[in-house]
Amino acid sequence: MEYDAVVVGAGPGGLCCSLLLAKAGLKVLVLEKSDAVGGRTRLIEKDGFTFDRGPTFFHYPEIAEEIFQAIDLDVHEELALIRLDPSYRLIFGQGGHIDATTDIDSMVSQIERLSGPDDAKGFRRYVADNRRKLRLSKKCLNTPWKGPSDLISKRALRISRVLRPWRSVASDLSKSFKDERIQLAMSFQTKYLGMSPFHAPSLFTILAYLEYEYGIFHPEGGMGSITQKMARIAEGMGVEIRLSEPVEQILFEGRRATGVKSSKTTYRADRIVMNADFATGMRKMVPSSLRRKWSDRKIEEKSYSCSTFMLYLGVEHQYDTPHHQIYASADYEGNLRDISEHRVTWEDPSIYVQNACVTDPSLAPEGCSTLYVLVPITHAHSSIDWDSIKHEYRDIVISQMEKMGFHGVAEHIVSETIVTPDDWSSSDIYKGAVFSLAHGLDQMLWRRPQNHFEETQGLYLVGGGTHPGSGLPTIFESSRITSKMICAEMGIDPDWNGMDPWFDELKRPSLNPQ
Ligand SMILES: Cc1cc2nc3c(=O)[nH]c(=O)nc-3n(C[C@H](O)[C@H](O)[C@H](O)COP(=O)(O)OP(=O)(O)OC[C@H]3O[C@@H](n4cnc5c(N)ncnc54)[C@H](O)[C@@H]3O)c2cc1C
């Protein structure tokens, strides 16, 4: 069977790409290994409770807004996005808390109360500085990179002014804030990339800024409902989605991709889009004879993000706590060191709890709630045997929840699932590193696997393992970049309802209007 493009994986990256390609007039097939769409962004239904498997923060909606506009839809209506206020509560193990909000004046007074007038002024400076940083860095993140020669371009010069590659997020913030707690409030978001603020490049101070500027949203029905809806829309546009059909191999003639072999049959296509986890997908589906830069050994040697220890709890009780709460260990730095040095923090670990039913009661039976608990933890490593410690660790995590207002929670639990880094590993996530390759400067821009995979022709990548990186907004961006490159390669100038089908800083190829 022939298709213009076959997408391997129905995660948010694969689905988003299929929407844009279908709107450009391509015949698209999506093959998904599992029995449901969504990948890490899917729902888990158990004992009458509905949990998000992975993402819970829908942030920086701008990219999703543009992509939905390109297919003539409104993302806020389609995904029923509810703005949260406060966006989340951050509780400091050292004492005090902040209710993060887009109301900048409220933020300034909270910071002034907690840390004094200098840090409060520092916050206004931080917002202004990062507004500029986002404007300057956007074009580096929404345009593909091919190699170091791109560095001589105008955009590279522009980003070098804001990147400050010699500084980390933590050192950049220490210039604006004296109180370690406020530095933490503006930097813990590097966890979304699976990194410590002490290692993440200073560009990523924009992550907290994005929350203060654009807010955080909850899609009614949970984050997993987003991928379900995207799949339904894609099918309505003619995309074929086949579930429970894993791709075993990507087929090549020479270095050119020609199709895929699935568990059921062979499909021919000149463009293959891989959305499966980069490291696992490459090693399983692309012959090693075609990979030098990304050989199995080199993939193994790369740095990987952290993993997560998860509890999905159904409780016969309702807690009046904010939708999102983060508890930051009193020894935050020590906790981060444990993660990077492959140790488990037993004493006072940082944890995150989502109590989504305060916004969306549809996720649990009446009078009950779903609690999603995430502990950032080292990725799978031979030094930790999770099977032997997971129950003991679960007890530590449950007792930490007391510090966030979930009193006596253990007595109310009626449904419980534990997921460890080893479980993530066994669901095709390399080393259980749920946020994929780490995001140090040595693995970003042209040093990250490229959207048009550089060692072959006709093989494209989308998702957290390619440029610009992990996190839903950047994953959607990866799909947009890849879709533009595929259209250009086919000479198609799609009607994407005002969205430019090419990159304004790169030489435009000749395209035929659709
Ligand atoms: C616990 C957790 C919390 C997170 N929190 C957030 C958050 O709050 N906000 C945020 O923006 N991001 C968050 N993320 C990060 C990120 O947004 C998600 O992980 C996202 O789902 C990654 O999307 P993806 O498209 O890269 O791939 P995936 O979601 O992993 O999808 C890949 C798909 O490919 C399929 N596949 C694999 N192999 C094959 C094969 N051989 N053949 C066919 N199909 C295959 C898989 O089954 C899967 O469906 C979180 C991630 C995790 C795990």
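Please treat every number below as a calculation from the coordinates, not as lab data. Given the structure is predicted, the values throughout are model-derived calculations rather than measurements. Cβ coordinates were reconstructed from backbone atoms using ideal geometry, including for glycine residues, and neighbour counts include every protein chain displayed.
DSSP assigns beta bridges within the chain; of those with both partners inside it, close to 65 percent run antiparallel. Of the peptides 67-80, 183-196, 26-39, the ranking by mean beta-carbon count within 10 Å, highest at the top, reads 183-196, 26-39, 67-80.
Would you mind getting me the FRET efficiency between GLU316 and ARG132? Use the beta-carbon distance for r and R0 = 45 Å, nearest 0.05. Write out the running numbers ahead of the final one.
Numbers: r = 50 Å, r/R0 = 1.10.
For GLU316 and ARG132, the calculated efficiency is 0.35.
Report the Stokes-Einstein translational diffusion coefficient (µm² s⁻¹, integer) for region 1-139, Rh taken as the Kirkwood radius over Cα pairs, at 20 °C with viscosity 1.002 mPa s. Estimated diffusion coefficient is 113 µm²/s. Each helix, a run of at least 4 DSSP H residues, gives -39500 (n - 2.57); summed and divided by the residues of the chain, these come to -10000 deg cm²/dmol at 222 nm. Reducing region 69-111 and region 446-481 to their Cα centroids gives an inter-centroid distance of 28 Å.
For region 306-431, the C-alpha radius of gyration divided by 2.2 N^0.38 Å, with N the number of residues, is 1.06.
For LYS46 and TYR214, what is the calculated FRET efficiency with R₀ set at 35 Å and r taken between the beta-carbons, to the nearest 0.05?
On the way: r = 32 Å, r/R0 = 0.92.
Efficiency, from the Cβ-Cβ distance: 0.60.
Would you be so kind as to identify all helices of the chain, as entire DSSP H runs, whose Cα atoms reach 30 Å or more along the helix's own axis and whose mean Kyte-Doolittle hydropathy is at least 0.5?
Values: long enough: 117-141 (35 Å, -1.27).
Correct list, ordered by number: empty.
Using C-alpha pairs under 8 Å with a sequence gap of at least 6, the mean separation divided by the residue count of region 306-431 gives a relative contact order of 39 percent. Starting from the coordinates of the alpha-carbon atoms of the chain, obtain the Kirkwood hydrodynamic radius over all distinct pairs and give the value in Å to one decimal. Value: 23.4 Å, from the Cα pair sum.
Please report the base-10 log of the normalised intensity I(q)/I(0) for region 388-498, using a Debye sum with one equal scatterer per alpha carbon and no solvent, at each q in 0.21, 0.22 (1/Å). Those come out to -1.13, -1.18, one per q. For region 440-508, a Kirkwood hydrodynamic radius built from all Cα pairs, placed in the Stokes-Einstein relation at 4 °C and 1.567 mPa s, yields a translational diffusion coefficient of 102 µm²/s. Annotation note: trypsin sites (Lys or Arg not before Pro) in region 249-348 located in DSSP loop regions with a Cβ neighbour count of at most 15 within 10 Å are ARG255, LYS264, ARG292, LYS293.
The distance between label points at GLU2 and ILE389 comes to 5.6 nm (points 7 Å beyond Cα on the Cα→Cβ vector). A simple spin-label model places pseudo-atoms 7 Å from Cα toward Cβ; at LYS146 and LYS175 they are separated by 3.4 nm. The gain in end-to-end length when the HIS76 to SER362 segment is fully stretched comes to 101.1 nm, 0.36 nm per residue minus the alpha carbon separation.
On a full-extension model of 0.36 nm per residue, what is the gain between ASP118 and SER426, subtracting their alpha-carbon distance, rounded to one decimal in nm?
Values: separation 308, 0.36 × 308 = 110.88 nm, distance 4.84 nm.
Full extension of this stretch gives 106.0 nm more.
With a simple spin-label model that places each label point 7 Å from the Cα along the Cα-to-Cβ direction, the separation between GLU341 and GLU455 comes to 3.4 nm. A Förster radius of 35 Å combined with the Cβ-Cβ distance from GLU333 to SER288 puts the calculated FRET efficiency at roughly 0.30. Considering only alpha-carbon pairs that sit under 8 angstrom and 6 or more positions apart, the relative contact order computed for the chain is 23 percent.
Take 129-135, 59-65 and order them by the average number of nearby Cβ atoms within 10 Å per residue, most first; the result is 59-65, 129-135.
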